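Colleague: Quick one: structure below, then a few questions.
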Amino acid sequence: MKTMIQMNNICKTYGTGESAVHALNNLSLEIQEGEMTAIMGASGSGKSTLMNIIGLLDEPTSGDYQLNEIDVKTYSAKKKAQCRNATFGFVVQDFALINEYTVKQNIEIPFTYTADKKLKEDKDKIIRNTLEQLGILNKINVAASKLSGGQRQRVAIARALVCNPDIILADEPTGALDTKTSKEIIDIFSQLNEQGKTIIIITHDPKIASYCKKIIEISDGKIISNQNETSN
Ligand SMILES: Nc1ncnc2c1ncn2[C@@H]1O[C@H](COP(=O)(O)OP(=O)(O)O)[C@@H](O)[C@H]1O
Ligand SMILES: [Mg+2]
């Protein structure tokens, strides 16, 4: 198996002096291609900070991060942005959709950032196929504001998927959903994982985490347990 993410002794400190917050403390982890991992921890434990560093949205204060065997410190800002767009699809708790836009317009957004000409050419077909896979093709021309929470999260997942990322990073993707809808959303992630996507889901819900093959638990910016279904 290929190691996609390798972090060694990552620290992240916000602020300085007396007001310094040590959000991540010497955190090390490894994620292989094709894994479906849950990162669990209480509020304030450092989950979002970790996700932002994994997704190249933020930099650690110290420590090493190798993404696909390349030290991300060697990237220029431009290369890093390209790598972020090509590698990651982001899904967040509050969906981050533009309400006045239709489903299609929301999903078109990532195509503006991709350098891949083939993706741009196939845009309409990709959008339709993805919406069909997620069961919301009939909503393609509906304004995002008119959708239910579960439908909104499906749109957000479609938006994360259309540029064919290697890794889906989801930060509390079911945090705003009821139990039944949460299960439907986690089933979508499981399906995507079976199709080969590497998936990282941040959650504080043990039920959601139980659907993942690997569970990493963090507390005060440190890993306190790392369980792999296949190894126990
Ligand atoms: N931009 C920031 N500036 C200062 N402190 C921050 C910032 N972002 C997060 N923190 C602090 O870092 C710690 C970890 O936060 P976060 O990663 O958001 O945790 P979680 O996602 O697990 O709730 C918390 O104490 C939080 O208050
Ligand atoms: Mg968070």
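The values are calculated or read from the model by the stated rules, or taken from the named source; none is laboratory data. Nothing here was measured: the structure is a model prediction, and the numbers come from that model. Heads up, the Cβs are rebuilt from the backbone with ideal geometry, glycines too, and the neighbour counts pull from every protein chain shown. When the accessible area is computed, the model is the full protein with side chains, heavy atoms only, and any ligands, DNA or RNA have been set aside. Shrake-Rupley method; radii C 1.70, N 1.55, O 1.52, S 1.80 Å.
Colleague: Just for segment 218-227: of the residues that are open to solvent by less than 70 Å² (accessible area, probe 1.4 Å) and touching a residue at least 24 places away in the same chain (Cβ under 8 Å), which one is farthest from residue 40 (Cα to Cα)?
Modeller: Per the criteria, the residue is 221.
Colleague: When you go through (1) under 20 Å from residue 192 (Cβ atoms); (2) in a helix (DSSP H, G or I); (3) open to solvent by less than 60 Å² (accessible area, probe 1.4 Å) one by one for residue 180, which number turns out not to apply?
Modeller: (3)
Colleague: List every residue pair whose Cβ atoms lie under 8 Å apart, where the two residues are 6 or more positions apart in sequence or sit on different chains, the first residue falls within segment 38-54 and is touching a residue at least 60 places away in the same chain (Cβ under 8 Å), and the second residue, located anywhere, is part of a helix (DSSP H, G or I) and more than 8 Å from ligand 2 (Cβ to nearest atom).
Modeller: Once the first residue is touching a residue at least 60 places away in the same chain (Cβ under 8 Å) and sits in segment 38-54, its partners that are part of a helix (DSSP H, G or I) and more than 8 Å from ligand 2 (Cβ to nearest atom) give 38/208; 38/209; 39/50; 40/206; 40/209.
Colleague: Right, here's the next one. Would you check which residues across segment 8-36 are closer than 24 Å to residue 189 by Cβ and either away from ligand 2 (no atom under 16 Å from the Cβ) or open to solvent by 30 Å² or more (accessible area, probe 1.4 Å) (or both) and list them?
Modeller: 29, 30, 31, 32, 33, 34, 35, 36
Colleague: Which ones in segment 45-62 are at negative phi and either within 8 Å of ligand 1 (Cβ to nearest atom) or touching a Cys at 6+ places or on another chain (Cβ under 8 Å) (or both)?
Modeller: 45, 47, 48, 49, 50, 51, 52, 60, 61, 62, listed by residue number.
Colleague: Considering only residues of segment 104-129 that are modelled with pLDDT of 95 or more and β-branched (Val, Ile, Thr), which is most open to solvent (accessible area, probe 1.4 Å)?
Modeller: Among those that are modelled with pLDDT of 95 or more and β-branched (Val, Ile, Thr), it is 126.
Colleague: Further, regarding this structure: From the list 143, 86, 158, which residue is out of contact with any His (no Cβ under 9 Å at 6 or more places or on another chain), in contact (Cβ under 8 Å) with a residue 40 or more places away in the chain, within 19 Å of residue 184 (Cβ to Cβ) and among the hydrophobic types (A, V, I, L, M, F, W, C)? Lay out the reasoning, then the answer.
Modeller: Numbers: 143 fails: within 19 Å of residue 184 (Cβ to Cβ); 86 fails: within 19 Å of residue 184 (Cβ to Cβ).
Exactly one of 143, 86, 158 is out of contact with any His (no Cβ under 9 Å at 6 or more places or on another chain), in contact (Cβ under 8 Å) with a residue 40 or more places away in the chain, within 19 Å of residue 184 (Cβ to Cβ) and among the hydrophobic types (A, V, I, L, M, F, W, C), namely 158.
Colleague: Which condition from (1) closer than 27 Å to residue 66 by Cα; (2) in contact (Cβ under 8 Å) with a residue 40 or more places away in the chain; (3) open to solvent by 50 Å² or more (accessible area, probe 1.4 Å) is the one that residue 101 breaks?
Modeller: Residue 101 satisfies every listed condition except (1).
Colleague: Just to be sure I understand, how many residues within segment 37-71 are among the polar types (S, T, N, Q), under 25 Å from residue 193 (Cβ atoms), within 16 Å of ligand 2 (Cβ to nearest atom) and assigned to a loop (DSSP other than H, G, I, E, B)?
Modeller: 1
Colleague: Please count how many residues of segment 136-172 are open to solvent by 60 Å² or more (accessible area, probe 1.4 Å) and either modelled with pLDDT of 95 or more or in contact with a Ser or Thr (Cβ under 7 Å, 6 or more places away or on another chain) (or both).
Modeller: 5
Colleague: Please work out if residue 70 is among the β-branched types (Val, Ile, Thr) and open to solvent by less than 20 Å² (accessible area, probe 1.4 Å).
Modeller: Values: among the β-branched types (Val, Ile, Thr): yes; open to solvent by less than 20 Å² (accessible area, probe 1.4 Å): no.
When the stated conditions are applied, residue 70 does not pass them.
Colleague: Okay, next question. Hey, among 122, 71, 94, 64, which residue is more than 24 Å from residue 47 (Cβ to Cβ) and among the charged types (D, E, K, R)?
Modeller: Just one listed residue meets the conditions, 122.
Colleague: For segment 34-44, which residues satisfy the criterion of being closer than 17 Å to residue 93 by Cα and either more than 13 Å from the chain's Cα centre (by Cα) or within 6 Å of ligand 1 (Cβ to nearest atom) (or both)?
Modeller: Answer for segment 34-44, where residues must be closer than 17 Å to residue 93 by Cα and either more than 13 Å from the chain's Cα centre (by Cα) or within 6 Å of ligand 1 (Cβ to nearest atom) (or both): 40, 41, 42, 43, 44.
Colleague: Of all residues in segment 73-98 being farther than 22 Å from residue 203 by Cα and assigned to a loop (DSSP other than H, G, I, E, B), which is least open to solvent (accessible area, probe 1.4 Å)?
Modeller: In this case the residue turns out to be 75.
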